[in-house]
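The values are calculated or read from the model by the stated rules, or taken from the named source; none is laboratory data. Note that the structure is predicted; figures quoted are calculated from it, not measured. Reconstructed Cβ throughout: ideal geometry from the backbone, glycine too, with neighbour counts over all protein chains shown. Heads up: the accessible areas ignore ligands, DNA and RNA and are worked out on the full protein's heavy atoms, side chains in. Shrake-Rupley method; radii C 1.70, N 1.55, O 1.52, S 1.80 Å.
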Amino acid sequence: MISFENINKPNWKYDAIRPYIELMHNFVFYKNFYVLHRERIPQDCPIVAISNHQNGLSDALGILFTFSKDKRRPVFIARGDIFKNRIAAKGLHFLRIMPAFRRQDVGYANVKHNEEIFDQSAKILNENGVVALFPEAGHQDRHFLGTFKKGFARMAFRAAELRNFQDPVYVLPMSNHYTNYFSVQGQLVMTVGEPIDISYLYDTYKENPSMALKTLTERARESVGNLMLDIKTKEYYEEYEMLCEIYSREMLISEGKAFNNLPLQLDASKRIVARLESLEQEEPGKHSDLMKETYQYIRSIEKLHLRDWIFAKNMSFASFLANLLLSLILAPIVIVGWLLYFIPFNASHLITRKIGDQMLHSSFHFAIWTLVSYPIWFIILSLIIGFTTNLWWTIPILFVACLLTVIYYFRGRTLIKKLYNRIRRFVFWYRGDYRYKNAVKSRAAIVEMMNEICKNKS
């Protein structure tokens, strides 16, 4: 195993490439990157940052750039099996990622290396550093919080031991929330929770370490769960998720808030889930009726191959023409973007098609595209323009133009996809398709039921 002894030390190569990655992450890969309550990050003290885990490396990048205004650079803990290849291990080391060894990933013989990682993590923390990890020890494509492993708590208390239990060590709960796990120019919101000073458990830890670990793990899990959209029900997960999609917009509009703002959408969805959980306990009959109507609506729009957003607005021929005109205006940019970026952007597909875990695809697309294929492609374009025109001074302009073009390429592509679905909806409406009518009727009934449920609660 390669040494991780100096993984948190200053590295000019890392510091040189980091601003470029942050630019691509915050403004190109994502349309909007929100950080809520960054001011809660403790200063000049050890921090064990923890978060829910839903989207592979993308979750780690969200934490990394949440700390962008902090001089400290987080060191991450990731599953040990991705370090098997020595070249990959060196690359991960460069990105300040250390392995955690699980028996199911690396075999029983390698689990012993965890002690070295725990010791190194404690040393980093003892230098007032930041160690970030995902206590669920796995990721999923659904909005719920899994069970927590106790590794993060062990790290925190080991750091406290190095300080002779004299100074506070903080566990910092965080959460991530995506509009879409896979698409470029989606949105991401990172939320920073109230830091947990574990010093209140020092005496407990000295007398009963297991109890202290259990107490901290439970409190930390509750804190992360309160920050995120945590749909606990398995039986009605699909229905709850759809109700969040339908009614968060209606709720925000009724409150006079921006319905397309992701942090506000997240807050509305959390309130909707809390109300549905209460409804199931207080009025199970009404809850059952709502679940049946929602299930029927989900099946209806599946048959139409449409998504809920297209039913959110009333049918308007004027808005249809406006979207058609805008799509025609952006079509040339989409075509140019496709010609310019088809090779570099799709280069990552050569790798992701061999990866069975779909939740890692977005991470590989971002990493390969931003770190390998896009820079190489940009250099090739720059050399072609430079040697054919001798206008080398235009290279910086080309760089900015390339970034803007790729942004509007993905936005334009999304707009054209939406136009296609609006055309299909218009056809269903014009023909009077009974499936379309049933879906519209079902959605209206759901909104009416939710209005009554939420009004009664208030």
Residues (charged (D, E, K, R), farther than 15 Å from F157 by Cα and at pLDDT 80 or above) located in the stretch 105-135: E116
Residue under evaluation N164, criteria (1) on the phi < 0 side of the Ramachandran plot; (2) modelled with pLDDT of 90 or more, criterion not met: (1)
Considering V48, V28, which residue is open to solvent by less than 70 Å² (accessible area, probe 1.4 Å) and out of contact with any Phe, Trp or Tyr (no Cβ under 6 Å at 6 or more places or on another chain)? V28
Looking at the structure I just gave you, is R431 touching a residue at least 24 places away in the same chain (Cβ under 8 Å), of a type outside the set (V, I, T) and closer than 21 Å to W309 by Cα? no
How many residues does the stretch 61-91 hold that are at pLDDT 80 or above and within 20 Å of H365 (Cβ to Cβ)? 7
Per the filter on the stretch 61-79, residues in contact with a Pro (Cβ under 9 Å, 6 or more places away or on another chain), open to solvent by less than 10 Å² (accessible area, probe 1.4 Å) and either among the aliphatic types (A, V, I, L, M) or within 17 Å of S121 (Cα to Cα) (or both) are I63
Identify all residues within the stretch 390-436 that are in contact with a strand residue (DSSP E or B) (Cβ under 8 Å, 6 or more places away or on another chain) and exposed (fewer than 12 other Cβ atoms within 10 Å of the Cβ); write none if there are none. none
Would you please list the contacts, defined by Cβ atoms under 9 Å and residues six or more apart or on different chains, that run from a residue in the stretch 157-181 that is within 24 Å of G56 (Cα to Cα) and without any contact (Cβ under 8 Å) to a residue 60 or more places away in the chain to a residue that is open to solvent by 10 Å² or more (accessible area, probe 1.4 Å) and outside any loop (DSSP other than H, G, I, E, B)? N180/Q187
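Let's see how each residue does on (1) in a loop (DSSP other than H, G, I, E, B); (2) at pLDDT below 95; (3) open to solvent by 70 Å² or more (accessible area, probe 1.4 Å); (4) more than 30 Å from A137 (Cβ to Cβ):
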{"position": "R219", "(1), (2), (3), (4)": "no, no, yes, no"}
{"position": "N226", "(1), (2), (3), (4)": "no, no, yes, no"}
{"position": "L229", "(1), (2), (3), (4)": "yes, no, no, no"}
{"position": "E239", "(1), (2), (3), (4)": "no, no, no, no"}
{"position": "M242", "(1), (2), (3), (4)": "no, no, no, no"}
{"position": "I253", "(1), (2), (3), (4)": "no, yes, yes, yes"}
Given the criterion open to solvent by less than 40 Å² (accessible area, probe 1.4 Å), over 24 Å from Y30 (Cβ atoms) and among the polar types (S, T, N, Q), identify the matching residue among S348, S362, S382, S373. S382
Return the residues of the stretch 270-293 that are touching a helix residue (DSSP H, G or I) at 6+ places or on another chain (Cβ under 6 Å) and either over 16 Å from I231 (Cα atoms) or open to solvent by 70 Å² or more (accessible area, probe 1.4 Å) (or both); say none if nothing qualifies. L290, E293
Number of the exception - L23 against (1) surrounded by fewer than 19 Cβ atoms within 10 Å (Cβ to Cβ); (2) not charged (D, E, K, R); (3) not in a helix (DSSP H, G or I): (3)
Any residue in the stretch 370-390 that is at pLDDT below 80 and within 30 Å of F311 (Cβ to Cβ)? no
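With the stretch 46-104 as the region, which strands (runs of 3 or more DSSP E) entirely inside it contain at least 2 residues that are over 22 Å from A159 (Cα atoms), in contact with a Leu (Cβ under 7 Å, 6 or more places away or on another chain) and without any contact (Cβ under 8 Å) to a residue 24 or more places away in the chain?
none
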List the residue pairs whose Cβ atoms are under 7 Å apart, where the first residue sits in the stretch 21-45 and is on the phi > 0 side of the Ramachandran plot, the second is modelled with pLDDT of 95 or more and surrounded by 15 or more Cβ atoms within 10 Å (Cβ to Cβ), and the two are 6 or more positions apart or on different chains. H37/T191; H37/V192
Helices (runs of 4 or more DSSP H) lying entirely in the stretch 343-458 (those with 3 or more residues that are of a type in the set (S, T, Y) and out of contact with any Asp or Glu (no Cβ under 7 Å at 6 or more places or on another chain)): 374-389, 395-431
Criterion: closer than 18 Å to R79 by Cβ, part of a helix (DSSP H, G or I) and either touching a strand residue (DSSP E or B) at 6+ places or on another chain (Cβ under 6 Å) or of a type outside the set (A, V, I, L, M) (or both) - qualifying residue of F148, F152, F157: F152
For the stretch 8-20: of the residues being within 29 Å of D119 (Cβ to Cβ) and of a type in the set (A, V, I, L, M, F, W, C), which is most open to solvent (accessible area, probe 1.4 Å)? W12
